[in-house]
Every structure is written in C-alpha cells, then in structure tokens.
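Down below is the structure, laid out as structure tokens.
The values are calculated or read from the model by the stated rules, or taken from the named source; none is laboratory data. Everything numeric here is computed off the predicted structure, so don't read it as measured data. Here the Cβ is made from the backbone with ideal geometry for all residues, glycine too, and neighbour counts use every protein chain on show. Note: accessible area is taken over every heavy atom of the protein model, side chains too, but ligands, DNA and RNA are not part of it. Shrake-Rupley method; radii C 1.70, N 1.55, O 1.52, S 1.80 Å.
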Amino acid sequence: MNANPDVQLPAVSVIMPVLDEERHLRGAVQAILAQEYAGEMEVVIALGPSTDRTDEIAAELVREDPRVHTVPNPTGRTPAALNAAIKASRHPIVVRVDGHGILSPNYIATAVRLLAETGAQNVGGIMHAEGENDWEQAVAAAMTSKIGVGNAVFHTGGAAGQAETVYLGVFRREALEQQGGYNEEFIRAQDWELNFRIREAGGLIWFSPELRVSYRPRPSVRALAKQYKDYGRWRHVVARYHEGSINLRYLAPPTAVCAIAAGIVVGAALTPWGFVIPGGYLAAIVLGSLPAGKGLPLKARLQIPVALATMHMSWGWGFLTSPKSLARKVIASRRPAVHADATAG
C-alpha cells in the first residue's frame, strides 16, 4: 500500500502465461486483483491451446473485471506467451505470474518499493512450494530443501541481495525492451537466460525474501520427471549459449547420474563394492528427507526420497542428453522485440 498518498505509484502490468490451468487460474487472478497496491493495474493473460476449461474461466474473469484482458498464444510455449503479454500490456512495471502461482497480498507493493530502493532491473523472491495432497507435499518439501535444490535462495530462502536469477520476477519495462523480451527458442530456462542477458548489460537482479509466491508442484512422478528433465536439458543449452554461466551446483545432478550408473555397472560386472555409490546416494536422500519432512503426514514423508531422486536423476539425465542442435537453433534465432505502445486485447 502507499504510505504517502501524495506520491503517485507507478502503474503495473501483470502478465500471465497459461495452459491447462483450470484448477488454479481463478485463484491466481483473484490474488492479483486483491493486491494491496494503490497504483493502476492491469492483468494480461496469454492463452495457450488448452484442452480443459481454462479459456472459459479466463473469459469469465474478463467479464467480471475490466482490468483483466487476454491475448492468444497459439504455440502454447511459455516464452512466446510472455512476449505476447508484454506486447499487449502498457505499464512501466511488468510483473510475471504463472497460472498456478498465488501472490502474497503485498507482493506488488513490496516489489515496486524494492525496485526503487535498489535500482534493480528485476526483483523476485521465494518460490514457496505448497502441496494439496501427500505427493505434492513431498515434492514441495524436496523443492524447498538444500538436499533437493542446493543453495538456490529462491527455493530455500536467504538474505536479500544481488542474485543470478529470481523466481518469476518484477521488471522495469525498459529492461525487457532493451533485451528484446524473452528468447522464444528457450522452451525452458527462459527466465535464467533473460536474467543473464540483463546482468551482462550491467543490470542488477535482486532477491528478497519479502517477496513470496505460492507454487503448486507437479501432481505425479511422471510429470515431475518431465519437468526436471526439461530443466536440465535447457540449462545445458544456456551453458552452451552463454559461456561462464555454469557453476558447480548445476553440475551436481549429471555427476550423480554418471557416478550411480558407473557404480551399478561395476557392482554387477566386477565387484559388489561398486554398489557403494548408489547405496550411498540412497542413504543420503533418505537421511536428507527426515528434516525436510518435519511436520508432514507420514505418507508425505515417505515419498520425499522418491521426489528427491526423481528431481536429481531427471535433471541430470536431461543435462547429459541435451542435444547440441538446440544450442545451434538458439544461436541462430532472433529475439522478437517488445514494445510499450501496444494495447491489450
């Protein structure tokens, strides 16, 4: 909220890429419209080719509130949706929200204040994973633990400060325009890649634990495995496209996959001592799941090691099998420009 009524707050555009989000879309948009923010605000929903009631719910939201608009995203790809929504929006501050993300009540007001205080081009906070059943609670625990995601502060929390990347993000429009928006060849890892370009251009990316977005984990082992395989695959593309963008945290999962595979082969073909490596990994994730699952129901706690192994192995496998042709496509692509003078549809 605006503590000084004489200071005019900047207008804000909230952009939201959605695809098959009938379960969460209404709640996500209602959390935006209920923000404790006194400035002007609009919400632009980029609609992919959903197979559920997402389009119907979006149409209802447009009828119910004049601040809500929609634009088409026929490709269904997230970066294309984001660029379409940016083009259709018109305000100087751009807030990215996903269709299954729930903003805390003062999220936008806090982000606008932090942009002014820090001079950052993008600010973001914590991806607060919350599950609605035992499996989702197990995944949420894994995604917010250091054994699950290392020292990624936007997952595990930490002190405010300069960051490589942040979850979602609240941008100055000029930063998006300077970079030409999101690179649409990056089906995944588009946030990391954009933030890398902003930093390379001298811009500041700022993390603050004051900013918090609730996140709903994938509802099955298969869906989680696909998500993390894609993460690993596209993070390797970023590493190929931007030299110097890789660090040890990103190399841990592929190293673990190789070590476990080698241990199994050696154990089966030469000596049982080879099984020490996969056995040690299994023991580590079981022990690591104990503090991560504190306070959860027993069924959720028992599934945390499964979630951890799925995340680690899928990410590592995706990284190792990422085809070099993806990097060539990315390098050859041209990022579409985004403009501030378009109006929402």
Measure of exposure for K299: accessible area at 1.4 Å probe, Å² rounded to 10, is 140 Å²
If unit charges are put on Cβ atoms (+1 for Lys and Arg, -1 for Asp and Glu) and the dipole of region 1-112 is taken about its Cα centre, the option from V68, P49, T78 lying farthest towards the positive end turns out to be T78
Gyration tensor on Cα atoms of region 105-243, a ≥ b ≥ c root eigenvalues, a/c under 1.5 rounded, else prolate if a/b beats b/c, else oblate, says oblate
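Within region 31-116, what whole-number % of the accessible surface is contributed by carbon and sulfur, with the 1.4 Å probe and all protein chains included in the calculation? Each step should come with its number before you reach the end.
On the way: 1710 of 3150 Å².
About 54 percent, which is the carbon plus sulfur part of the accessible surface.
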Expressed per residue, the solvent accessible area of the chain in Å² (1.4 Å probe) is about 45 Å²
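Below 8 Å between Cα atoms, with a sequence gap of 6+, how large is the relative contact order for the chain in percent?
It comes to 21 percent, rounded to a whole number.
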Taking the convex hull of the alpha-carbon atoms of region 255-331 and averaging its shadow over every direction gives an area in square nanometres of 7.3 nm²
Relative contact order of region 1-156 (C-alpha contacts under 8 Å, at least 6 apart) in percent is 27 percent
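Can you put D20, D230 in order of accessible area, largest first, using a 1.4 Å probe? Please list the in-between numbers first.
Working: D20 70, D230 25 Å².
Listed by decreasing accessible area, they come as D20, D230.
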Of the candidates G148, P323, G295, the farthest towards the positive dipole end of the chain (Lys/Arg Cβ +1, Asp/Glu Cβ -1, centred on the Cα centre) is P323
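Which length gain, in nm to one decimal place, applies between K294 and K146 when the Cα-Cα distance is subtracted from 0.36 nm times their residue separation? Walk me through the intermediate numbers first.
Numbers: separation 148, 0.36 × 148 = 53.28 nm, distance 1.42 nm.
Gain on extension, K294 to K146, equals 51.9 nm.
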Quick calc, region 1-152, dipole around Cα centre from Cβ unit charges on Lys, Arg (+) and Asp, Glu (-), nearest 20 debye, gives 540 debye
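Between T51 and S325, how high is the FRET efficiency from 1/(1 + (r/R0)^6) when r is the Cβ-Cβ distance and R₀ = 35 Å? Nearest 0.05.
0.75
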Options [x] 15.8; [y] 16.9; [z] 18.6 are given for mean projected area of the Cα convex hull in nm², and the computed one is [z]
If each K or R counts +1 and each D or E counts -1, the residues other than P291 whose Cβ falls under 13 Å of its Cβ total +3
The whole-number value in µm²/s of the Stokes-Einstein translational diffusion coefficient for region 80-183, with Rh from the Kirkwood sum over alpha carbon pairs at 4 °C and 1.567 mPa s, is 85 µm²/s
Set K146/K229; K87/K324; K146/K226; K87/K146; K229/K299, cut-off 27 Å on Cα-Cα distance; pairs above it are K87/K324; K87/K146
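To check you understand DSSP bridge types, tell me what percent of the beta bridges within the chain (both residues inside) are antiparallel, rounded to 5. Spell out each step's value before the answer.
Numbers: 11 of 34 bridges.
Antiparallel bridges: around 30 percent, rounded to the nearest 5.
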Classified through the alpha carbon gyration tensor (a ≥ b ≥ c as square roots of its eigenvalues; rounded if a/c is under 1.5, else prolate when a/b is larger than b/c, else oblate), region 39-133 comes out prolate
Rounded to the nearest 10 Å², the 1.4 Å probe accessible area of D134 is 50 Å²
Answer in debye to the nearest 20: the dipole magnitude of region 171-245 about its Cα centre, from +1 Lys/Arg and -1 Asp/Glu charges placed on Cβ, is 540 debye
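Which percent of the accessible area of region 159-234 is formed by carbon and sulfur heavy atoms (probe 1.4 angstrom)?
45 percent
Please report, in debye to the nearest 20, how large the charge dipole of the chain is about its Cα centre when each Lys and Arg carries +1 at its beta carbon and each Asp and Glu carries -1 there.
Here the chain has a charge dipole of around 1220 debye.
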